[in-house]
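This report refers to the structure that appears directly beneath it.
The values are calculated or read from the model by the stated rules, or taken from the named source; none is laboratory data. Just so it is clear, the structure is predicted and the values come from calculations on it, not from any experiment. Using ideal geometry, Cβ is built from the backbone for each residue, glycine included, and neighbour counts are taken over all protein chains shown. Note: accessible area is taken over every heavy atom of the protein model, side chains too, but ligands, DNA and RNA are not part of it. Shrake-Rupley method; radii C 1.70, N 1.55, O 1.52, S 1.80 Å.
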Amino acid sequence: NSGVVSLLRPLLLDVVPSVRQTAALGLGRLADYNVDLAEAVVKAGILPQLVCSLPEENRYYKKTAAFVLRAIAKHSPQLAQAVVQCGALEALVICLEDFDPGVKEGASWAFDYIARHSPELSQAVVDAGAVPLLVLCIQEPEIALKRIAASTLSDISKHSPELAQTVVDAGAIAHLAQMIPNPDAKLKRQVLSALSQIAKHSVDLAELVVEAEIFPVVLTCLKDSDEYVKKNGATLIREIAKHSPELSQLIVNSGGVAAVIDCIGSCRGTVRLPGIMMLGYVAAHSENLSMAVIVSKGIPPLCACLIEEHEDHIKAAAAWALGQIGRHTAEHARHVAGANVLPTLLDIYVDTRSSEDLKMKASIFAKKALKNILQKCTHLPALEPLLHDAPPSIMKHIIGQFSKVLPHDSKARRLFVTTGGLKKVQEIKAEPGSLLQEYINAINNCYPEEIVR
């Protein structure tokens, strides 16, 4: 409000280097503070002036100028575009080639804040020739430089398969994979994130990541004391598992499923989420892979997530994963039903206290999971309690399963009467000629008329 931005602008051209540098630092801190101040710095026409003198300046000024550019670019795609339009990328590429690691680090930060906004801005960073230099930066000895260069490669890769391929073509995967065992937690977070962002796009890219021999070393990350390392490690495994049965089988063979299950059991909250999703993806691919999740004792921790977690999306993910495990055969469904999962799924589905958001997320997935499991389930003791609480949309599936099993199982027929199941069936009002009525008729036909009466 005091007009400081316009007062600082001429100082960027001062004859004294420390004045130029300190003026730039002041502008950077203003721009960093909020989007309005960043816009004010751009409107004052400071960017062209800052960028124009950059190649000739000393290392202190270069670091400060990179800070100003990053402070402006971070707020929005529009401000990042303003940084690109003033010719900053070419100047920042020169900084990435600087001898001083601090200058390289400053330039990497600026590239990161530009690239993260959109595919177009990422492409501009690629076109400026930054990627090969960033790959060189992750090979430098300075940990701080490695971290931000890995983060920038991650943010470039996330937008599209083509951008990820550019990072791969520059030879990034091998160098990133070598850093997975590094003791620095912040570096590991960024390395795992970058590999995830590459692997997520396609089978081919995921296979290239796997070929860098990340297994079994990546499994150690699931036991890391840093929660973000755990989460990013599980995310990387998830992004690989989702693509194909072959990649999922490779993860199973390397002990990945058991390691993820241990990870889910030992942590709480959103750290669990990628591991939950990974188990669902593996189980969805085939009967054998689903059975691998069951044999590795994957069902109990997923049930625990349904009960313990309060976040809707975590409950929804756990419900989805259980549905994927139980949908293949009667044997798969029996394992899920035998863990007493069905009443919990039903509770989530019918809970009237649930928020609208919960109704939309967790309850939808709980309903789908119930249907998936019920279509295969012949485990009558697990189905019995649902008869007394299930809403009509689920009741049809439950009655359908009883109508399949009861005609062939005399012990089940006796139990069905003594537990009140048959009585409950008589209370159901079904449309004449409907599928539900057919199921009820099939059940009633298993018994003498006086028992039905």
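When only Cα pairs below 8 angstrom with a gap of at least 6 residues are kept, the chain shows a relative contact order of 7 percent. A crude spin-label estimate for the pair Val16 and Glu287, with each label 7 Å from Cα along the Cβ direction, gives 8.2 nm. Note on the stretch 116-156 and the stretch 289-335: Cα centroid distance 38 Å, given to the nearest whole angstrom.
Placing Ser18, Ser193 in order of accessible area, with the largest value first and a 1.4 Å probe, yields Ser18, Ser193. Qualifying GluC sites (Glu not before Pro) in the stretch 36-99, where qualification requires a DSSP coil assignment and no more than 15 other C-beta atoms within 10 Å, comprise Glu97. Short-range pairs are left out: with C-alpha atoms under 8 Å and at least six residues apart, the relative contact order of the stretch 1-128 is 22 percent.
Modelled spin-label separation between Gln426 and Asn253, with each label point placed 7 Å from Cα along the Cα-to-Cβ direction: 5.9 nm.
When the stretch 388-452 is described by a simple charge dipole with +1 on each Lys and Arg Cβ and -1 on each Asp and Glu Cβ, the residue from Gln426, Phe416, Ile451 located farthest towards its positive end is Phe416. When the Cα positions of Leu279, Cys303, Ser290 are compared along the charge dipole of the stretch 255-377, Ser290 comes out farthest toward the positive end, with charges on each C-beta of Lys, Arg, Asp and Glu. Near Asp14, once Lys and Arg are set to +1 and Asp and Glu to -1 for all other residues with Cβ below 14 Å from its Cβ, the sum equals +1.
Relative contact order of the stretch 131-274, taken over Cα pairs closer than 8 Å and 6 or more residues apart, is 20 percent. Modelled this way, with points 7 Å down the Cα-to-C-beta line, the labels at Ser2 and Thr419 are 7.8 nm from one another.
Here are some pairs, Lys158/Lys230; Lys315/Lys368; Lys63/Lys158; Lys200/Lys231; which of them have Cα atoms lying more than 23 Å apart in this structure? Check vs 23 Å cut-off fails for Lys63/Lys158. Full extension of the chain between Asp226 and Ala174 yields a length gain of 16.4 nm, computed as 0.36 nm times the residue separation minus the alpha carbon distance. Membrane-span-like helices in the chain, defined here as complete DSSP H runs extending at least 18 Å along the helix axis by their C-alpha atoms with mean Kyte-Doolittle hydropathy no lower than 0.5, are 143-157, 273-285; this is a sequence and geometry rule, not a statement about a membrane.
Specify which residue in the list Ile138, Ile373, Ala316 is farthest towards the positive end of the charge dipole of the chain, using unit charges on the beta carbon of Lys, Arg (+1) and Asp, Glu (-1), about the Cα centre. Result: Ile373, furthest along the dipole toward the positive end. Taking a ≥ b ≥ c as the square roots of the eigenvalues of the Cα gyration tensor, an a/c ratio of 1.5 or more together with a/b no larger than b/c marks the stretch 256-399 as oblate.
For the chain, the percent of C-alpha pairs falling in each 10 Å distance bin, counted from 0 to the bin holding the largest distance, reads 4, 18, 20, 18, 14, 11, 7, 4, 2, 0, 0. Rounded to the nearest 20 debye, the dipole size of the chain about its Cα centre is 1420 debye, using +1 on the Cβ of Lys and Arg and -1 on the Cβ of Asp and Glu. With the biggest extent put first, the Cα atoms of the stretch 111-214 measure 35, 30, 18 Å across the principal axes. Label reach from Cys267 (point 7 Å along Cα→C-beta): in the stretch 175-210, amide nitrogens under 18 Å belong to 180-197.
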